[in-house]
Amino acid sequence: MTLTAQGLCKSYENMLILDHVDIEVVPGSFHGIIGPSGCGKTTLLSLLATLERPESGTLHIDNIDMLKLDQYSLANFRNAHFGFVFQSSYLLLHLDVIQNIALPYDYGVVEKREIIFARVQHLLASLGLAGYDNKRTALLSGGEQQRVAIARALVRNPNIIFADEPTGNLDADNTRVILEYLKKLCHDEGKSVVMVTHDSDAASYCNSIKVLSKL
Amino acid sequence: MMNFWRGICADMRHSFATIRSQWFHTMISVLGIVVSVIAVIVMISINEGNKLTLLQSIRDYGMQTIRIAIDDTHVTHHRRGFSMHDIQHIKAILSEKGIILPLLASKNMPYSLQQYSAQANLYQCSELFFDVEQLHLLRGRPILAYDVENAVNAAIISESIANRYSVDIGDFISIRRSIYQIVGISDTNAMQGDFVILPLSKQTLFSDTFFYNRLVIRVFDTSHILELYSQIQLYFNEIGIPREALEYLVPAQMVEQEENAQKQLNLVLFMVALMSMLSGGINIMNIMLSNLAQQTREIGLKMALGATAERIRRGMLLHAVILTSCAALLGSIAGYGILLLLSLHGSVPIYFSQKAFLIAGFMAVFSGLLFGLYPALRASQIAPMSALKEY
């Protein structure tokens, strides 16, 4: 699935944040977006992920004009094709690990419980969290919580994963584990990752980098 | 459709998980609704109990009767009660629509029974008494035409007298120095307290100089009661008996008045319940709005993962309805307990009405829907990225 954005513009309160930004994300690429604070990295990510609409420009995924889709179709598209990892894990503390990971299934097409369960188990094992199924998320470490968040992002087998500083709150070891896992996803499974970071070490894992500057 | 129900189930699961994880906070937030539900249930049940008790006591007088009594203070030398002429006239008014029973009633008449002396209400009447009053004989026989024609010294006593003094058919009772043989024992029905019924002699019944102080009229068809009642009133008015000299007891009219009064009371109760639910509902809305600030990140996340604005709105509304339903359940259980305690105490007439529980439950759930609407709309308008950026 190829994402192509051209001439994206976005401003907040009459302040231009993004001015005619172009980007192309091809399958299997690990794309980094870097730049100083306030340059619009997260804004660009949210435009690419259809969480916000640009004031001008185009956004296509394969041949679909994403800006022509209504909110309902966009929500369904996000659920089916996108995965999200944020700086904080944003886990729902009143749900256990397995419920958090399976959360995207609550908003998508109906899937059999057995299939969901098998998928969650597979992800937990691949992220080194086997046996964590019914653990309360509040009891997990920061690194474990972020790995659960990655499992949640991958559970619907998305084509593109949007990561907004996914290692920003983690120590060096956990950072390495997470970034290597994301890189492996691109290399082995042909998924695309679009990662916002201001960390040059994290950016070194990317095979394509978009540098934004403050306007 | 499958997705819709799956979504509802998922939202319910999330809602219950939230309630479980914040059960104390939830309890506090729904306390207003719980108290309102209890209040509505108890109010309606007591109101229903009072209404039924009152209506039953009115109906005990006989819904098909019109009772007229002349006030003792208005008895004069010229008008000592209802004359045979009055009775004949009322019979003409009634035509085939009813029958009239004239009575001579004396309150607190002294009597002697075996070695005991006491007082009872005394009714002297014709053999029509049991037909008109529809009293039930527990033992023995009623007053017969034979007793009236032959001036038989027969008496019927109330069950309360028979039980108190352990007397039965065949025993004798002395009233005004005359001895009467007890021939029947009657239940009390609307005639509260102790009473004795004696037959009037035929000579007395048809005497032009005899006056009765009570009239009991049984109307065969209840739809004629009010019409006959107004005609009888008109008659007494025409012959110059002042309105205040007569006491009318028309149960059918009393029931109608009581039912009208109940309608007004029900309206007042409904307004009280509504106010109570409104305050509980506002509390729920307030707490949901304050929770919304904490849930912004969660809502943003759900939207990023594919939840539509409609789905967020529905989830919030469902949460409000689940909260108020839980409150309705708790309130119903507590309300039932309070009603049980009150009914055991016995001083308050209680009617365990399903209606009370249904109304209270419906109002609670409705207030959840009503007051959950605004927080739900607010939640669905949250922009996902800005919600996630806030934290």
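Some points to look at:
- Dipole moment magnitude, nearest 20 debye, the stretch B:80-161 about Cα centre, only Lys, Arg, Asp, Glu C-beta charged: 200 debye
- Given charges at beta-carbon only (K, R positive; D, E negative), |dipole| of the stretch B:65-219 in Debye: 260 debye
- The stretch B:1-58 and the stretch B:358-386 have Cα centres separated by 15 Å.
- Here the stretch B:65-219 exposes an accessible surface that is 48 percent carbon and sulfur, computed with a 1.4 Å probe and the other protein chains kept in place.
- Per-pair calculated FRET efficiency, R0 = 22 Å: A:THR58 and A:VAL211 via Cβ, rounded to 0.05: 0.55
- Förster-model FRET efficiency, 60 Å R0, B:ALA293 and B:LEU52, C-beta, rounded to 0.05: 0.75
- Cα centroid separation - the stretch B:155-177 against the stretch A:144-187, whole Å: 99 Å
- Axis angle, to the nearest 10 degrees, between helix B:23-59 and the longest C-alpha principal axis of chain B: 20 degrees.
- Considering only the stretch B:137-270, percent of DSSP beta bridges that pair antiparallel, nearest 5: 65 percent
- Theoretical ellipticity at 222 nm over the protein assembly as shown - DSSP helices of four or more residues, -39500 (n - 2.57) apiece, nearest 500: -16500 deg cm²/dmol
- Average partner coverage of B:293-306, which counts Cβ from other chains inside 10 Å: 6
- DSSP-defined antiparallel bridges as percent of all bridges, the protein assembly as shown, nearest 5: 65 percent
- Counting only Cβ charges, +1 for Lys and Arg and -1 for Asp and Glu, the dipole size of the stretch B:1-113 around its Cα centre is about 180 debye.
- In the protein assembly as shown, taking the dipole from charged Cβ atoms about the Cα centre, the farthest positive-side position among B:ASN213, A:GLY32, B:PHE357 is held by A:GLY32.
- In nm, spacing of pseudo-spin labels at B:ARG164 and A:ALA130 (7 Å Cα→C-beta vector): 9.2 nm
- DSSP finds beta bridges in the stretch B:65-219, and of those with both partners inside it, around 75 percent are antiparallel.
- Alpha-carbon centroids, the stretch A:40-92 and the stretch B:263-312: separation in whole Å: 30 Å
- Long-range HN-HN contacts of A:LYS210 with modeled amide H, under 5 Å: A:GLY32, A:ILE33, A:ILE34
- A:LEU93 contributes about 90 Å² of solvent-accessible surface, heavy atoms of the protein only, 1.4 Å probe.
- Against chain A, whose longest principal axis comes from its Cα atoms, helix A:113-126 is set at around 80 degrees.
- Greater than 29 Å apart at Cα, pairs in A:LYS41/A:LYS191; A:LYS41/A:LYS135; A:LYS41/A:LYS183: A:LYS41/A:LYS135
- Per-residue accessible area (protein heavy atoms, 1.4 Å probe) orders A:GLU189, B:GLU159 as A:GLU189, B:GLU159, starting from the largest.
- Positive-end extreme of charge dipole, the protein assembly as shown - chosen from A:LEU48, B:MET303, B:ILE185 (charges on Cβ): A:LEU48
- Distances between placed amide hydrogens fall under 5 Å for B:ARG141 paired with B:GLY184, B:ILE185, all partners being 5 or more residues away or on another chain.
- Distant-in-sequence amide H partners of B:ILE241 (H built 1.01 Å from N, under 5 Å): none
- The slack in the chain from B:SER230 to B:MET275, taken as 0.36 nm per residue of separation less the alpha-carbon distance, amounts to 12.0 nm.
The values are calculated or read from the model by the stated rules, or taken from the named source; none is laboratory data. These numbers come from a predicted model, not from an experiment. Neighbour counts run over all protein chains shown; Cβ positions are idealised from the backbone, glycine included. All accessible areas refer to the heavy atoms of the entire protein, side chains included, with ligands and DNA or RNA removed. Shrake-Rupley method; radii C 1.70, N 1.55, O 1.52, S 1.80 Å.
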